[in-house]
Structures are given as structure tokens and as C-alpha cells.
Amino acid sequence: MFSLFRKSKVCVLMFHGVRGPQKSKETHIVGPENHVSSAFFESVIQAFLANRFQPLSLKEAIINYTKAPSFVITLDDGFRDNLYVVLPILERYQLPATIYVTSGFVDNSVIPFEYRLASIINNSQTILLDEINDGAELSISEKEEKKEIYHLVKKKLKYSTNSVRTKLLDRLSHLEKENLSVEYLSVEELKKLASSPLITIGSHTHFHHALPAMSYPCIFEDIQLSKRLLESWTNNPIVDFSFPYGASNKKIGKMLRGMGFCTAVTTKSGFLEPPAPFYRMDIPRVEINSLEHCAFIVNGLSL
């Protein structure tokens, strides 16, 4: 996966949500798998620190040159547990982190479609999807049927607008009240998180669209709205950005620079090699999915 390692490289870690010790793993049949346990999160941190990796903020990683192996912590979406679970761990080790917040999730103007879709499928025995089966009801009573339909519809909606997502899910849903267990930061919780000297808040757009699938005026409006809201809520400049789904291109990168952003991270696997240009719109990250994977990264970069 990563064949070339050098000590000067920086590993920019990517996380999303972190479950507290009292919260067991979700028991849903289908749904987004973007949470790790607090024990796993802390074990990854301990592994990097035990191997003498230097913890850096994203800004430090961009503008400073270091020959020591280093790591940066980033989290996407703006889950509520970033305040109540992640921040205490960061404070324990005095580690900086950048948290990219989807402003529409914070003000509840956008419902994350993956969770709503999962709720519909998990609580249904059949589903009516014209686009797939010409108006005939499909059975989704079995686990594998639910998984197949979830990934099929998720793929279809991933590159759609929020309005298209909402219309399709409204049509699919026959539930009186969907059980959405996902929890995002409120405005007040975001303010509290942003007040920590360890935390830098970045934008993850307002609608969480896959940007290259949108028109450029819509992309600009989406990012501008997120930047404006986050700056008003945190009273801090927002100059860091994370591409939803990692979907990016050079034209959007130039747009971000023109809007005052200094950095943008992707989901492309790889390492940052300092010194880097102050404006960097294609920063790769590493999403660690097991302690064995963590050991592989740590050992490789420590050589």
C-alpha cells in the first residue's frame, strides 16, 4: 500500500466519530461505518507517541520542516462525540487537531442521507424503488438484501444534490418517524469545542455534496455559506477545508484559494512531505482501520 517511507513525511490521520466507552457499537444491519471506539482512537495515538512521532497541528505540518516522523489528527463531519469523547483524550496528551464541520448538520438544515437511508432500510421488509425495479416492491427482509439495497441507493445518492436525496428518501419512507441515532454538534457545543486552544475548526461544506458533481456556482454558494456560518458561530477565521467524500479537482482547489482557504484535505491515501507550499489543496490522509494497520504505518515511517 505504502511502498516508500521517509522520516520527513507527515502522517495526516483521518477519523470521523469516536464512541465513548459507555456506548456500544451500533447494532444496525446497514449504515455508515464511520465511528471507532475511544479505546481504538487512544491506542492509535499512543502508538505514534511511543514511537517518538512528533504531534503537529496541520498548520505546523504545512509551514515547518522536520526530519522527525510526525503526525496530525483530523476528524470529519462534526460529530457530537468530538467534544465529549475526543477533546478529553486530546487534552490528556496535549495534542492539536483539526475538526472539519458540516454546517448543515449543526443547524439541522441538512439531514445526513446515509443515516436516513439506513433507518428506512433497517426498519422495512419491502421497498419500492422505481429506478431499480420498475415500480415493483423489492423484498429486503434478509440481511444481505438490506445490504445490497443500502449500498445501491447510497451510491446513487452520493453524487446527488440534497434536494434530490430528500425527494427520493421521502418517497421510500413509509415510517411515521425515522430513528436517526446520529448526533452532531449543536451551535453551542461547536462554540465550546472551538474555544479549546488545541482545536482548529475547518469547513466540510454546508450540504455535504460530492462537489465535482455540482455546478460551480452551486459549489461556491455551498462553501461560502459554510464558511460564513462557521465563522459567525466560532468567531474564528475558517481557512481549512475538507472535501466531502474526498471528491475534488484543481478548479475547486483554485476556488478555495480565492475564498481565503489555506489548506484542503482529501481522502486519498498517502503522506504529506514537508516543507510544503503554504497553500496546499490536495493533502493526502491515512484512515487507520485496525491496530495492525497502525503498526504497519508506524513501523514504516520509523525506518
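List of remarks:
- Pairs of Cα atoms nearer than 8 Å and 6+ residues apart set the relative contact order; for the range 133-255 it is 25 percent.
- What separates the Cα centres of the range 28-106 and the range 239-303 is a distance of 13 Å.
- Rounded if a/c under 1.5, otherwise prolate or oblate - the range 239-287, Cα gyration tensor axes: oblate
- Split the accessible area of the range 42-168 by element, probe 1.4 Å, and carbon with sulfur accounts for 47%.
- For the chain, built as a Gaussian network whose Cα springs stay under 10 Å, the top-fluctuating residue of ALA247, ALA210, ALA39: ALA39
- Calculated from backbone phi, Karplus (6.51, -1.76, 1.60) coupling profile of the range 198-214 in Hz, x at Gly/Pro: 7, 10, 10, 8, x, 8, 10, 6, 9, 9, 6, 7, 6, 4, x, 7, 9
- Surface share of carbon and sulfur [accessible, 1.4 angstrom probe, percent] for the range 179-257: 53 percent
- Entry comment: accessible area of the chain is 48 Å² per residue, from protein heavy atoms only and a probe of 1.4 Å.
- The chain - share of DSSP beta bridges that are antiparallel (%, nearest 5): 15 percent
- Shape call, the range 189-277: gyration tensor on alpha carbons, a/c limit 1.5: oblate
- When each of LYS158/LYS250; LYS191/LYS227; LYS59/LYS191; LYS9/LYS268; LYS158/LYS227 is checked by Cα-Cα distance, pairs over 18 Å: LYS158/LYS250; LYS59/LYS191; LYS158/LYS227
- For ASP170, the accessible area of its heavy atoms, probed at 1.4 Å with every protein chain present, is near 90 square angstrom.
The values are calculated or read from the model by the stated rules, or taken from the named source; none is laboratory data. None of these values were measured; they are calculated from a predicted model. Ligands, DNA and RNA are excluded from the accessible area calculation, which covers all protein heavy atoms including side chains. Shrake-Rupley method; radii C 1.70, N 1.55, O 1.52, S 1.80 Å.
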